[in-house]
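Mind looking over this structure? Questions follow.
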Amino acid sequence: MRFSNRAEDWLAAQRDNHAQQRWLESIALGRAVLKRADLSNEQSEESSTMLCEASLELNEAALTADTFAACLHHVKRLETIDRLLERFCQLCTADQARPVFALQKWSAYEFNHLSVNVYNRQRFDHAEALVSQWRHRWPDEREANASRLLGWIKWRQLKYQEGLDAFDRSVSLEHNAESLIGRAFILSFMSRFSESIQLLEELSKTIYINGSGCRVYANSLFGAGRVRESMELYERRLRDTDFLACSPTGIPEWNGAPLDGRLLVLLDVGWSFGDFLMYLRYLTLVQSRVASVRVQVPDRLERVLRASFPTLEIRSDEPTITEGCDAYVWLMSLPVRLQLWSTAPETLPSLRASEAAQQEWADWLPAQYGETGGPDGKRKRIGLCWRGNPHTYHDRLRSGSLDDFTPLFEALTDVDWVNLQLEASERPPEALLASRNSRWCDPMPRVHDFEDTVAIAQGLDRIVTVDSAVAHVCASAGVPTTLLVPIWGEWRWQTGNTSPWYPDVELLRTPPGSTFRHTLQRLVDDKRANW
């Protein structure tokens, strides 16, 4: 006999409910057994471990937190506690975890070990809760370690001043290089590049700075305008284990000399779209020294790069990418190999869409929204992007909302506002747009990759965007761009109103405690939004 899909779903739900009820009964029975006085320590630990694991299987946060509060203190093996906490922190919030942590009688060493592991799993709020309990329970043991870890946690939580205070506390207790590097990290992310450099210069007299410390050092140098020093220092990254593990075997690294064969240009380990798009400009200069160039590219940029660099060999398939190559180089090493201590603005624009894509979008926009309506018979078209990749750790500092652009919607008339934000359902109020004889245009449902974005952008008068891949794409394509620099600007944007990467891009900076909306309102009030 075959049941309908609905009947099969019902039967499955009943089986799940029955299994869940059995789990609940088992947990209640197990907790009652734990209260018996005749259990050995080994029996208590084994039973408690099983109960914690059972509560995790039910996937109910409140029940799991309650079970862990009752049982976890019976578990003594540190590796078991660590394994349980890994799943516990995935299911329960930090607020649910705090009372559980408060009941544990771990040593300062155990708190240290568990807090570091939770931090390394990027559960930063849970790690903070653990460190808070650690410092409360053991205020005088491993306090320097606790403060140092708290500094890193606050950095990842984007609470920079609190992070600085924690690192200062750690240094006052124990002069530790990691705490000093952490302080330099935060200063760099706060755009206090000179202070970061000064700290790292002093530290480099006693230790060799590599790894993430080297990157922050190089970023701070670039942010302070010391471009050559930055690019040279950043070459130390090639000695990191990640780069050594990813380096091709059997072919040499290119030293910049003329090459008659094929050069393989690889994406840097840990690259971002911004990094990739900024360093693309050097490929044109590489071609003057090398007979043939093969470039590893991300899928979403493959089509636009084929159109932009027709003489390059564009590859996104990694397994065979080294075949037939005579040398390799990492993309972000190209300035050093070329001995070019600038950001090569003469190579801009570096991106363009194919003629077919340009024509498709040149026809589509007028067909959808028309050309006329402005005082001169032609409406302005301004593209907007208000969010970056949400998985970037500092995204909430650099992303905004469509509401931030309200001052522009209110101030400007006869505008076709063109959405460049992928997967966005937001739109400005129709009444507001109608009152300004403006319209909202959304081509994004038809967009497949960045070639479409470039083709659309090339038909616009201006782009106003947050610091996202869209900003780099449009600026690299030579489209007039206004960039809302994050509240704490990155090294690449330095500290002025223009950028060495994109000299024609207008940088609008938002100070801490303010918002992008306030920044755009000031732009309107100062009558500088005269696009």
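Go through the stretch 215-267 and report how many residues are touching a Pro at 6+ places or on another chain (Cβ under 7 Å) and part of a loop (DSSP other than H, G, I, E, B).
Qualifying residue count, the stretch 215-267: 0.
When residues of the stretch 468-488 are filtered for being touching a residue at least 60 places away in the same chain (Cβ under 8 Å), more than 25 Å from Thr284 (Cβ to Cβ) and either aliphatic (A, V, I, L, M) or surrounded by 23 or more Cβ atoms within 10 Å (Cβ to Cβ) (or both), how many remain?
Qualifying residue count, the stretch 468-488: 3.
Just checking, which of Ser220, Ser230 is surrounded by 16 or more Cβ atoms within 10 Å (Cβ to Cβ), touching a Ser or Thr at 6+ places or on another chain (Cβ under 7 Å), polar (S, T, N, Q) and in contact (Cβ under 8 Å) with a residue 12 or more places away in the chain?
Ser220
Among the residues in the stretch 413-423, are any surrounded by 13 or more Cβ atoms within 10 Å (Cβ to Cβ) and in a helix (DSSP H, G or I)?
Scanning the stretch 413-423 turns up no residue that is surrounded by 13 or more Cβ atoms within 10 Å (Cβ to Cβ) and in a helix (DSSP H, G or I).
Given the options Val290, Val265, Val227, name the one that is at pLDDT 95 or above and farther than 26 Å from Glu490 by Cα.
After applying the criteria, what remains is Val290.
Hey, could you check the stretch 45-92 for residues that are among the polar types (S, T, N, Q) and over 22 Å from Arg121 (Cβ atoms) and say which is surrounded by the fewest Cβ atoms within 10 Å (Cβ to Cβ)?
Applying the filter and picking the extreme gives Ser47.
Just wondering, is there one or more residues in the stretch 95-115 that are within 24 Å of the chain's Cα centre (by Cα) and of a type in the set (A, V, I, L, M)?
The first filter runs over the stretch 95-115 and keeps only residues within 24 Å of the chain's Cα centre (by Cα), leaving 115.
In the following step, the residues that additionally are of a type in the set (A, V, I, L, M) were identified as none.
No, that holds for no residue.
Which numbered condition in (1) more than 33 Å from the chain's Cα centre (by Cα); (2) surrounded by 14 or more Cβ atoms within 10 Å (Cβ to Cβ); (3) at pLDDT 80 or above; (4) not charged (D, E, K, R) is the only one that Gly373 fails?
All conditions are met except number (3).
Considering only residues of the stretch 493-524 that are over 18 Å from Ala224 (Cα atoms) and of a type in the set (S, T, N, Q), which is farthest from the chain's Cα centre (by Cα)?
The selected residue is Gln521.
What's the number of the only condition in (1) assigned by TED's automatic domain parsing to the domain that holds Gln359; (2) touching a residue at least 24 places away in the same chain (Cβ under 8 Å) that Ser499 fails to meet?
Ser499 satisfies every listed condition except (2).
Quickly run through the stretch 484-502 and pick out the residues that are closer than 20 Å to Ile463 by Cβ, assigned to a helix (DSSP H, G or I) and of a type in the set (A, V, I, L, M, F, W, C).
Trp493
Among the numbered criteria (1) among the charged types (D, E, K, R); (2) in contact with a helix residue (DSSP H, G or I) (Cβ under 9 Å, 6 or more places away or on another chain); (3) surrounded by fewer than 20 Cβ atoms within 10 Å (Cβ to Cβ), which single criterion is violated by Arg396?
Answer for Arg396: the failing condition is (2).
Among (1) within 26 Å of the chain's Cα centre (by Cα); (2) more than 28 Å from Asn497 (Cβ to Cβ); (3) at pLDDT 95 or above, where does Ala218 come up short?
Evaluating Ala218 over (1) within 26 Å of the chain's Cα centre (by Cα); (2) more than 28 Å from Asn497 (Cβ to Cβ); (3) at pLDDT 95 or above leaves (2) as the failure.
Just for helices (runs of 4 or more DSSP H) wholly inside the stretch 124-182: which have at least 3 residues that are in contact with a helix residue (DSSP H, G or I) (Cβ under 6 Å, 6 or more places away or on another chain) and over 24 Å from Leu103 (Cα atoms)? Walk me through it before giving the result.
Working: elements: 124-137, 143-156, 160-173.
Because the criterion is at least 3 residues that are in contact with a helix residue (DSSP H, G or I) (Cβ under 6 Å, 6 or more places away or on another chain) and over 24 Å from Leu103 (Cα atoms), the helices (runs of 4 or more DSSP H) in the stretch 124-182 that meet it are 143-156, 160-173.
To continue, here is another question. State whether one or more residues within the stretch 186-197 are without any contact (Cβ under 8 Å) to a residue 12 or more places away in the chain, part of a loop (DSSP other than H, G, I, E, B) and within 23 Å of Thr392 (Cα to Cα).
yes
Please pick out the residue among Ser288, Ser292 that is assigned by TED's automatic domain parsing to the domain that holds Leu331, closer than 24 Å to Pro319 by Cβ and among the polar types (S, T, N, Q).
Just a single option satisfies the conditions, and that option is Ser292.
Find the residue count for the stretch 22-61, including only residues that are under 41 Å from the mean Cα position of the chain (by Cα) and either at pLDDT below 80 or on the phi > 0 side of the Ramachandran plot (or both).
Of the residues in that region, 4 qualify.
The values are calculated or read from the model by the stated rules, or taken from the named source; none is laboratory data. Owing to the predicted nature of the structure, the values given are computational and were not obtained by experimental measurement. Reconstructed Cβ throughout: ideal geometry from the backbone, glycine too, with neighbour counts over all protein chains shown.
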